[in-house]
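J.: Let me give you the structure first, and then I'll get to my questions.
All of the numbers you see were taken from the coordinates with simple rules; none came from a lab. Not measured: the values here are computed from a predicted model. Positions of Cβ are generated from backbone atoms using ideal geometry, with glycine treated the same way; all protein chains shown enter the neighbour counts.
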Amino acid sequence: MIDYHCHILPNIDDGPETMEESIEMAVALQKNGYDTVYCTPHLIKGSYDADNKSVMASVNNLQKKLKEKNIQLKLIPGREYYMDEFLFDYLNNPMTLGETNYILVEIPNHIPRKYAKDACFRIKQKGFIPMIAHPERNKLFYISQRKKSLLESLLSLIFKDDGLKSKETTLLSYLKSIGCVFQANLGSFIGWYGERAQNTADSLKERNVYTHFGTDAHSLNAVNLLMNNGGRQEG
Ligand SMILES: [Fe+2]
């Protein structure tokens, strides 16, 4: 299994503070069936500013330690970019998820819908594919759980509608149409970020919106809690 979003690197963002904890996180992930982890520390101007070179060095260092301890877990470098006015400065020389063209990007709650659309379009224009980090946690993607009437169900079958209300899905539909991909946090399905995020995660999963899954774990405690409370990937 692959974890596409994980804050496992020591002392680089709000993840583990020590190498020991990073190693313990790796052991816990490996024990729970993971063989590959994308190391995706935050890049947020003024808060988490570590450059890509430091991330690369940190990945290599942790990988070396895991090898010494015979822990079979492949680490791949990446970043979790933050959508704000500094994003495109960083994207002049970005760190994609490993060898892919994916840019993992978090859309904060205060970002207007149009700004998010334009920013993702610009990322695509630069030749990268935005991977939207945990959309279920952002109010722009919230989906209510209203049950459809029989007539609505029939109409959606006839017109092959995905069942999402247009007001709720303007952004989602647009991002899908330009080829963005979507990463779910496993914790969302067990209510870690509240009921609305959980409902949205369930709906997006049901509608096959998610292309990637991740723990978004920031600590050993988080990995253990997730694995012991049903926050696992299927297969
Ligand atoms: Fe994250």
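J.: In nanometres, what is the gap between the two model label sites at LYS126 and ASP14, each 7 Å from Cα along Cα-to-Cβ?
T.: 2.3 nm
J.: If you don't mind, another one. Using only alpha carbon positions, build the gyration tensor of the chain, then give the equivalent ellipsoid semi-axes as the square roots of 5 times its eigenvalues, largest first, whole angstrom. Don't skip to the answer; put the middle values down first.
T.: Working: eigenvalues 199, 93, 40 Å².
Equivalent ellipsoid semi-axes, largest first: 32, 22, 14 Å.
J.: In addition: Summing -39500 (n - 2.57) over the DSSP H runs of n ≥ 4 in the chain and dividing by its residue number, what mean residue ellipticity at 222 nm do you reach, to the nearest 500 deg cm²/dmol? Kindly include the intermediate steps, with their values, before the conclusion.
T.: Working: 8 runs with 89 residues, N = 235.
Per the formula, -11500 deg cm²/dmol.
J.: Among PHE141, PHE182, PHE88, which one shows the highest mean-square fluctuation when the chain is modelled as a Gaussian network with alpha-carbon springs under 10 Å?
T.: Comparing PHE141, PHE182, PHE88 in a Gaussian network model of the chain, the most mobile one is PHE88.
J.: Anyone know which of LEU204, LEU155, LEU43 comes out most mobile in the 10 Å Cα GNM of the chain?
T.: Result: LEU155 has the largest fluctuation of those listed.
J.: Among ASN70, ASN221, ASN208, which one moves the most in a GNM of the chain with springs linking Cα atoms closer than 10 Å?
T.: Between ASN70, ASN221, ASN208, it is ASN70 that shows the largest mean-square fluctuation.
J.: Over the residues of the range 1-86, compute the C-alpha Rg and express it relative to 2.2 N^0.38 Å.
T.: Numbers: Rg = 12.6 Å, N = 86, 2.2 N^0.38 = 12.0 Å.
Its radius of gyration relative to the 2.2 N^0.38 Å reference: 1.05.
J.: May I ask for the longest run of the chain untouched by GluC sites (Glu not before Pro) that are loop-located per DSSP and have at most 12 neighbouring C-beta atoms (other than their own) within 10 Å?
T.: Between the exposed loop sites, the longest stretch runs 100-233.
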